[in-house]
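Participant: Can you read through this structure? Questions will come right after.
What follows draws every value from the coordinates through simple rules; no lab data is involved. It should be emphasised that the depicted structure is a prediction, and the values quoted were computed from it without experimental measurement. Neighbour counts are summed over all protein chains in view; Cβ atoms, including those assigned to glycine, are modelled from backbone coordinates with ideal geometry.
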């Protein structure tokens, strides 16, 4: 009988120990699971660098405008008084159209959130094709001269602007090579001018552009 | 001067521990393997862009992107000395670390090409880009870790511990590979890397803290598993491809008693 009771006590003790061990192991498992979850939550999200065809790097000194760059980032921007005229992602930011000896540079973007374009027409630049843009390197065009016409289009209406003063500076025009093969041209520069909008004088200031010109946006006809 | 002070204090601390501990210190040797997942960001010295074209293609977040990745694997042999019935342990030794980092394009590749453009030359009136599938770098370091381990509680044969440690490594070698779209560009790989003008740091140092568990009996073989809490690189430029700051990871080791 004593043996039987002792045996029962032993069995209960073993049972208790078993339960205790189970508890310990479940506690350990729980800690390990928490650690694993913690580790997973801490594991790095791989950083990505967004890729876009127009690379708009904001200019901290001129809010709303892209930085001045020379790498074919396909952006432009300028202040029109306090408003911003800037390239977007949707429209092709530039088309170059050569008619006879007139070089037309059409910049398309947004002004006050609405579509707008400015066309600069420079007379006396009979470029045959986009590689010839390199001849414009470091050239400054006086926009006050009668060899320059500027047309503003906004809200489906176009007006030829009377220029009070201004200059258009092709600071750097380059050949762009991909895998050592000539692909297109890059034109980069700055512009600023004063004109009239509805008989009110306005200043277009801090203008800058960095644009790739190739088969798709150069026309000669 | 500062280093001398730290060294002197460390030695004094070690002797104090040895003299005041009730039980004699125990020596063991750890053979350790670990892996660290690093939180990297693109090193902007690599002038990368998607295309030199002017057509728009996708404005959603699913558009292509360059992904950066970095992983450190390490292998160490470390003698460990423990005090106060294994409640405190110091270890040091030799650790080999391999740091792998890479750049590759991810995203909606069915919509768009699976490569990116790297601008590598902008001299004179030329700007040159190369089309690249990926850039990968591997660097090997041999270093000395110094770890302090505290075991606040034990359950059965499990010792739960917190460990913090510093590591200082020296570069053995480093290799950067560029996978070009146009294989004929491979001949320019070295000059492109030179033009970027970055070299991996000759030193590698990191500070890590981890939570871990040891399984095993005293004076017998023990097994350690630990998870790194967010830890930090002390040195910069251990990869020329990515910038690093924080890492997490794991370490597992076998601990051999030395009698």
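Participant: Using the beta-carbon distance between residue A:180 and residue B:198 and R0 = 30 Å, what value does 1/(1 + (r/R0)^6) give for FRET efficiency, to the nearest 0.05?
Facilitator: After rounding to 0.05, the efficiency reads 0.85.
Participant: How big is the stretch B:183-236 by Rg and Dmax over its Cα atoms, in Å?
Facilitator: Answer for the stretch B:183-236, Rg first and Dmax second: 21.3, 62 Å.
Participant: Over the alpha-carbon set of the stretch A:108-221, divide Rg by the Kirkwood Rh and report the Rg/Rh ratio to two decimals.
Facilitator: Rg/Rh for the stretch A:108-221 comes to 0.99.
Participant: To make sure I understand, if each residue's beta carbon is the centre and we count other beta carbons within 10 Å, what order do B:92, A:54, B:194 fall in, fewest to most?
Facilitator: B:194, B:92, A:54
Participant: Let me ask another. What relative contact order, as a whole-number percentage, does the stretch B:106-258 give when Cα pairs under 8 Å and 6 or more residues apart are counted?
Facilitator: 20
Participant: Taking every residue in A:68-74, how many Cβ atoms of other protein chains lie within 10 Å of its Cβ, on average?
Facilitator: 4
Participant: When only C-alpha pairs under 8 Å and at least 6 residues apart count, what is the relative contact order of the stretch A:75-220, in percent?
Facilitator: Dividing the mean separation by the residue count of the stretch A:75-220 yields 25 percent.
Participant: Bin all alpha-carbon pair distances of the stretch B:153-204 at 10 Å intervals from 0 and give each bin's fraction as a whole percent.
Facilitator: With a bin width of 10 Å, the distribution comes to 17, 27, 18, 15, 12, 11, 1.
Participant: What's the exposure ranking of B:67, A:143, B:246, going from fewest to most Cβ atoms within 10 Å?
Facilitator: In increasing order of surrounding Cβ atoms, one gets B:246, B:67, A:143.
Participant: Could you list B:252, A:148 so that the one with the fewest beta carbons within 10 Å of its beta carbon is first and the one with the most is last?
Facilitator: Listing B:252, A:148 from fewest to most nearby Cβ atoms yields B:252, A:148.
Participant: Provide a whole-number value for the mean count of partner chain Cβ atoms within 10 Å of the Cβ atoms in peptide B:122-132. Write down the numbers at each step before the final one.
Facilitator: On the way: counts 5, 0, 3, 9, 7, 15, 9, 8, 4, 2, 1.
Shielding by partners across B:122-132 averages 6.
Participant: Moving on to the next point. Over the whole of A:170-179, what's the average partner chain Cβ count within 10 Å per residue? Rounded to a whole number, please.
Facilitator: Mean number of neighbouring Cβ atoms from other chains: 5.
Participant: In whole angstrom, note down how far apart the Cα centers of the stretch A:69-94 and the stretch A:95-131 are.
Facilitator: 14
Participant: Now for a separate question. Tell me the label-point distance for the pair residue B:168, residue A:151, using the 7 Å Cα-to-Cβ offset, in nm and rounded to one decimal.
Facilitator: The answer from the label model is 7.2 nm.
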